[in-house]
Structures are given as structure tokens and as C-alpha cells.
Amino acid sequence: MTTNAPELFELDAEQREILHLADRYGRNELHGLAERMDAEEWWPGDAFRAIGEAGFLGATISEEYGGAGMDLLNAGLVLQGFSRWNHAMALSVVAHDNLCANNIYRNGNADQRRKYLPGLCDGSMIGALGLTEPGAGSDALGSMRTTARRDGDHYVLNGTKIYITNGPVADIVLVYAKTDPDKGPQGISAFVVETDTPGFKVAQKLVKMGYRGSQTAELVFDDCRVPAENLVGTENKGVGIVMSGLDLERAMISPLCLGIAERALDLSTDYVKTRKQFGRAIGNFQMVQSMLAEMYVHVETMRTFTHRVLAAAARVEVGEGGRGDIHKLTAASVMYAAQTVNKVLDLAVQLHGGTGYIWESEINRLYRSTKLMEIGAGTTEVRKMIISGELLKDMPRD
Ligand SMILES: Cc1cc2nc3c(=O)[nH]c(=O)nc-3n(C[C@H](O)[C@H](O)[C@H](O)COP(=O)(O)OP(=O)(O)OC[C@H]3O[C@@H](n4cnc5c(N)ncnc54)[C@H](O)[C@@H]3O)c2cc1C
């Protein structure tokens, strides 16, 4: 079987340094925000500017536009480091940096890049991506009902997007809408919508069980007039942008899972050394050791697969992706990472006993969040459909 990923993969010195710097920033600057973000669904308004000033935003965008000029693997390492300390902020960063900014960078024209990327890179602007709708989740393209009708030098958008990360705080949203509803997925286009445009509304901020500091919204477009120059790419060719973007997004969700799993292993290792029962630290008991060993194996296998697939996804050129080996591989990476981080957190809470069940504990905060990883960016079932679809693409269908 052939894939475009190397069989063996190891981080080099520069990549290890980037992970170290992101880890240090996460520990020093983001960890202290995490508890309040979770308790109150609080959004620290200055955080993105600070992250931008530290050079972590616009990770994959060239320095010409104020970005860090990294490849996708290094951008994923930043997320891994952040996710260890503040996974909600890491989710907001990936929605901003990968789903929105990187998509505009890869698919936008020179004017759009010049207009939007510097603000996204320095954190003065927050970005989001709007694909999912109340009636269009797993079948996001086929069931999409949001329309964009050309009217002179504008498009008029009507419809609703739901579960949009950064929706309540975004300055711009990369929105998918049908420009030719009769053509199904071949009639979809992408637009940059500035959120102060009349007709755009945050209909509601959604309250979540986990990742609570990351802001999520339902967005409504009611005769929202968007300048025609904000069309990204070619009219009716949005499907290529979505599919290629989703492959990169899936590769980037895996390091989010990995960072959480690493933190859970660290917290659990510390806990079993200090928590005493039957007169001894619980780490002395073989069943406790067994759980810890299982967690370790899960984390190490996640790490290997995550980094290897990020390295492969970093080589995806504009216009590629959404099909073939990389489509299968990125779906496999996120499917494995998402299922495995849930297993890790289940063991971690078990090891913490009652402490792990208490809302305020850090391990509980992580536990409440991990289910999302099996839902967002395509569910586990959608990921299985992608993998099996690629494996069986030559099979004659009954
Ligand atoms: C916190 C959060 C943040 C999100 N952020 C964003 C964002 O920033 N931008 C954005 O556009 N979207 C975002 N999403 C949306 C996310 O991508 C969707 O929730 C996801 O694609 C699933 O869609 P759905 O929720 O409508 O579930 P549904 O599609 O209704 O699925 C329900 C169940 O049916 C299963 N199912 C559906 N079809 C099939 C099938 N053919 N075969 C087998 N099983 C099937 C699913 O796997 C699932 O188990 C976010 C979601 C959440 C919860």
C-alpha cells in the first residue's frame, strides 16, 4: 500500500524547539486563563493580540502578510503545546488560524490577502469559518441551504450557520453558500463576510459541556449584502476549498487531542504518586499502574501518528486534498486521535476517583471536552466513510 507519508517520523531540532516555545507560552500565559474560561465561558478579549504579538498567529502564513511562515507540521506543534495548557484557547486558535486565515491565504486573491491577513496575523482581527447549518451537518454540502444571490456588485446572503467556533467574537467569517442551488455541491462558493455588515447577526451564543471558553454561535444572514470582491476563488468552485481545507483541519485537530492527552497523563502520574489509600500512594497498586501504562501507550501512538500525518499534510499543494491518500490519512489521524483521547481521559478520571468527577478539577475540565473531538470536523462515522470510501473506491458497487 502506498501513502505519501514517510514510514518513520521524528521531530528535528527546530520542530522540537517550536513545540517547546508553544508549551512554555501555554504554561506561562494561557494556563492561568483556563479555569475562568471554563467556569464562566469567559472570553479573554486581549488574548489573541498577545498570542499574535508572541508570533504564534498566522502560523502558516508568509511573513509578507505578518505571519510566522511555518509549515503545517510546525503549526500543529503550536496547537499541541497550547492544548496542554488551555485546550479551549487552542480550539479558538485553530478555527481562526487554520479554518479561516489559512483558507484565505491559500485560496484568496492578492487584495483579499492584503486586506485581511495582517489583522488575522497580529490578532487585532478574529476569524471563523461557517459551513455547518441546522439542517446540514455531516451532509454539509448536499443539504446546504444558505444562498448567495448576485445583485450588481454585491452578493446577497440568506441563511443560518450553527456551531460556529469564534462566532460570537469574530470580525470576519469565511462563509460557504450556494450561488447555484440547482447544482448541489457544484454550486457552492466561499465568501469573506465582515461581521459589521448589515444583515449579519449572532443569533445566539451556545452553551457547551466542554471547551467552554471557546466561543460558539449560531449566525444568521438576513439579506446580508457582501461586496462581490469578497468572493474567495471562483464562483461555484467552493467545494474544492471546503474539501481541501477539511483535510488540513482534520490533520490539525489531532495535535489538539494529543496535547490534552499528554496533560492528562502528566496530571495522573503526579496524582497517583501523592494520593494515599490503604496507607500507601495509590501508584503502588498494580491496577493503578496498569491504567497509567495504558495511557502512556495511547499517548505515544497518538504522537507518532499525529506528527507523521501532519508532515504529510504539510506537503498538500493548493488545489490538492479532498481525495486520495491524504484524504484517507487525515481522516484516520483525527479518528484515531479523537477516539484515543477519550480513552485516555476515561482512564485519567478513573485514576483521580471522586476528584476527577468534580467540575472544577482540571482533569474534569479535560474530560468534559474530549467528546467534541469525535464530532467536530466530521464525526467518527464520517471519518470512517472517508477511509472506507478510499479503500474501496475501485470496488464495483451493487
Ligand atoms: C463545539 C463545536 C464547534 C464547531 N465548530 C464549527 C465551526 O467552527 N464551523 C463549522 O462550520 N462547523 C462547526 N461545528 C460543526 C461540526 O462540524 C458538526 O457538528 C459535525 O459536522 C456534525 O454535524 P451535526 O452536528 O449536524 O450532526 P449530524 O450530521 O446530524 O449527525 C448526527 C449523527 O448521525 C451520524 N450520521 C450522519 N450521517 C451518517 C451516515 N451517512 N452514516 C452513518 N452515520 C451518520 C453522525 O455521525 C452522528 O453520529 C462545530 C460543532 C461543535 C459541536
(Q) Among Tyr116, Thr60, Ser290, which residue has its Cα furthest toward the positive end of the charge dipole of the chain, with +1 on Lys/Arg Cβ and -1 on Asp/Glu Cβ? (A) Ser290
**Q.** Test item: Cα-centred dipole of the chain, Lys/Arg +1 and Asp/Glu -1 on Cβ, debye
**A.** 940
Q: Can you quote the Å³ per residue value for the convex hull of the Cα atoms in region 69-206, rounded to an integer?
A: 131
Q: Would you mind finding the longest exposed-site-free stretch of the chain, with exposed GluC sites (Glu not before Pro) meaning DSSP loop and at most 13 other Cβ atoms within 10 Å?
A: 11-316
Q.
Apply the a/c threshold of 1.5 to the C-alpha gyration tensor of region 238-391 and tell me whether it is rounded, prolate or oblate.
A. prolate
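Can you figure out the FRET efficiency of Leu392 with Arg49, using R₀ = 56 Å and their beta-carbon distance, to the nearest 0.05?
Efficiency for this residue pair is about 0.70.
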Q. Once phi is turned into ³J(HN,Hα) by the Karplus curve 6.51 cos²θ - 1.76 cosθ + 1.60 with θ = phi - 60°, what whole-Hz value does each residue of region 307-318 show in order, with x for glycine and proline?
A. 5, 4, 6, 4, 4, 5, 5, 5, 8, 6, 7, 4
Q. Under the Kirkwood approximation applied to all pairs of distinct alpha-carbon atoms, what is the hydrodynamic radius of region 62-112 in Å?
A. 11.7
**Q.** Rounded FRET efficiency, nearest 0.05, which uses the C-beta distance separating Ile375 from Glu40 and R0 of 25 Å
**A.** 0.60
Q) Summing +1 for each Lys or Arg and -1 for each Asp or Glu, what net charge is found among the other residues whose Cβ lies under 14 Å from the Cβ of Phe82? A) 0
Q.
Return the equivalent ellipsoid semi-axes of region 26-139 as a descending list in whole Å, where each equals the square root of 5 times an eigenvalue of the C-alpha gyration tensor.
A. 23, 19, 13
Q: Would you mind telling me which residue in Asn364, Asn109, Asn98 has the biggest mean-square fluctuation in a Gaussian network model of the chain, where springs connect alpha carbons within a distance under 10 angstrom?
A: Asn109
Q. Region 115-146 to region 355-372: how many Å between their Cα centroids?
A. 28
Q. Taking the Cα atoms of region 129-232, what is the range of coordinates along each of the three principal axes, in descending order and whole Å?
A. 42, 29, 20
**Q.** Fluctuation leader among Gly319, Gly187, Gly233 - the chain, Gaussian network, Cα springs under 10 angstrom
**A.** Gly319
(Q) Counting only protein heavy atoms and a 1.4 Å probe, tell me what percentage of the chain's accessible area is made up of carbon and sulfur. (A) 51
Q. What percentages, rounded to whole numbers, describe P(r) for the chain computed over all alpha carbon pairs with 10 Å bin width beginning at zero?
A. 5, 23, 33, 25, 10, 3, 1, 0
(Q) From the phi angles alone, apply the Karplus equation (6.51, -1.76, 1.60; θ = phi - 60°) to region 152-165 and give each ³J(HN,Hα) in whole Hz, x where the residue is Gly or Pro. (A) x, 9, 10, 10, 10, 9, 9, x, 9, 10, 10, 6, 8, 5
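Just the accessible area per residue of the chain, please: how many Å² with a 1.4 Å probe? Walk me through the numbers before you get to the answer.
Numbers: 17330 Å² over 398 residues.
With the other protein chains kept in place, the chain gives 44 Å² per residue.
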Q) Measuring from centroid to centroid over Cα atoms, what is the spacing of region 211-281 and region 147-176 in Å? A) 21
Q: Return the sequence-ordered ³J(HN,Hα) values of region 124-132 in whole Hz as given by the Karplus equation 6.51 cos²θ - 1.76 cosθ + 1.60 applied to θ = phi - 60°, using x for Gly and Pro.
A: 6, 10, 10, x, 8, 10, x, 10, 5
**Q.** Highest-MSF residue in the chain out of Asp97, Asp270, Asp71 [GNM, Cα springs under 10 Å]
**A.** Asp270
**Q.** Partners for Lys115 among lysines (Cα-Cα distance below 29 Å; same-chain residues under 8 apart left out)
**A.** Lys161, Lys178, Lys201, Lys205, Lys237
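The values are calculated or read from the model by the stated rules, or taken from the named source; none is laboratory data. Computed from a prediction, not measured in an experiment: that's the story for all the values here. Positions of Cβ are generated from backbone atoms using ideal geometry, with glycine treated the same way; all protein chains shown enter the neighbour counts. Quick note on the areas: whole protein, heavy atoms, side chains included, nothing else; ligands and nucleic acids left out. Shrake-Rupley method; radii C 1.70, N 1.55, O 1.52, S 1.80 Å.
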